[in-house]
């Protein structure tokens, strides 16, 4: 019999799935709640030929952009990348932020989540996705058997909080994109989840909104020429403001879980 704390956790996960509009089981039979990390690491899924690889669109290089790309390229470990980003002086955001927000979770985890930009609480703690949005994110991924303690690695497309929690500009996203792509290359996830429109449009180099990008897999070319599959989804902060959209987020999570269970991805899979 489950102990009281595990029982409460199970109830919380069930409430979340009901709120998300869950109407189907992830597996044919119930799986044990405790999973070994190896069970969450299928073979790297083959890139589906129907999807079009998306690489960073050519942009006119700026001195700061060239410096960012050069610094990112010199980092051979995650710690070296953190130090390079902390020492990068090409953005005024570092002057108004309290902390560099680098990452949380398990490096080498099968799923890497890329969010938008740190908020006030993230800036104070120096970690991505804390506070109300972070708690919701944890419940979302727990509903499909994933957690930042064992099977998730989390970062943001910007490492510094924009003043007043404003939306990052296109120039800011382009400036830090080399760091993001290097971060992915060093973290070596099997799958990417792009949380929110800013992250999705920035990494995919697309002008489409998140409601058009979500619900299907995309290919992303990272530094070194490797191609990873990425799934855009709605940001937890958006779901807090628009609970009715939780059904769409649940459909995205089911796609992620199926891809991990099957060891492959159908590019045309729809929620």
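Taking 0.36 nm per residue of separation and subtracting the Cα-Cα distance, what length does fully extending residue 242 through residue 95 add?
49.6 nm
I'm checking a number: the convex hull volume of the Cα atoms of the range 61-262, normalised per residue, in Å³. What is it?
Each residue corresponds to 110 Å³ of Cα convex hull volume.
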Everything considered on the Cα gyration tensor (a ≥ b ≥ c; rounded for a/c under 1.5, else prolate if a/b is larger than b/c, else oblate), the range 67-167 must be described as oblate
Once both label points are put 7 Å beyond Cα along the C-beta direction, the residue 125-residue 261 separation in nm becomes 3.1
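State the volume of the convex hull built on the alpha-carbon positions of the range 115-191, expressed per residue in Å³ and rounded to an integer.
Details: hull volume 7.8 nm³, N = 77.
So the per-residue hull volume is 102 Å³.
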In nm², the average projected area of the convex hull spanned by the Cα atoms of the range 170-229 is 3.9
On the formula 1/(1 + (r/R0)^6), with r taken between the Cβ atoms of residue 169 and residue 76 and R0 of 35 Å, the FRET efficiency rounded to 0.05 is 0.70
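Output the peptides 124-136, 182-194 sorted from most to least packed, where packing is the average of other Cβ atoms within 10 Å over each peptide's residues.
Numbers: 124-136: 18.8, 182-194: 21.8.
Per-residue mean Cβ counts within 10 Å order the peptides as 182-194, 124-136.
Using only the Cα atoms, what convex hull volume per residue in Å³ does the range 179-271 have? Write out the running numbers ahead of the final one.
Details: hull volume 9.4 nm³, N = 93.
Spelled out: Cα convex hull of the range 179-271, divided by residues, is 101 Å³.
The numbers here are math on the coordinates, done by the rules we state, and not lab data. All figures in this text were calculated on a predicted structure; none of them were measured in a lab. Using ideal geometry, Cβ is built from the backbone for each residue, glycine included, and neighbour counts are taken over all protein chains shown.
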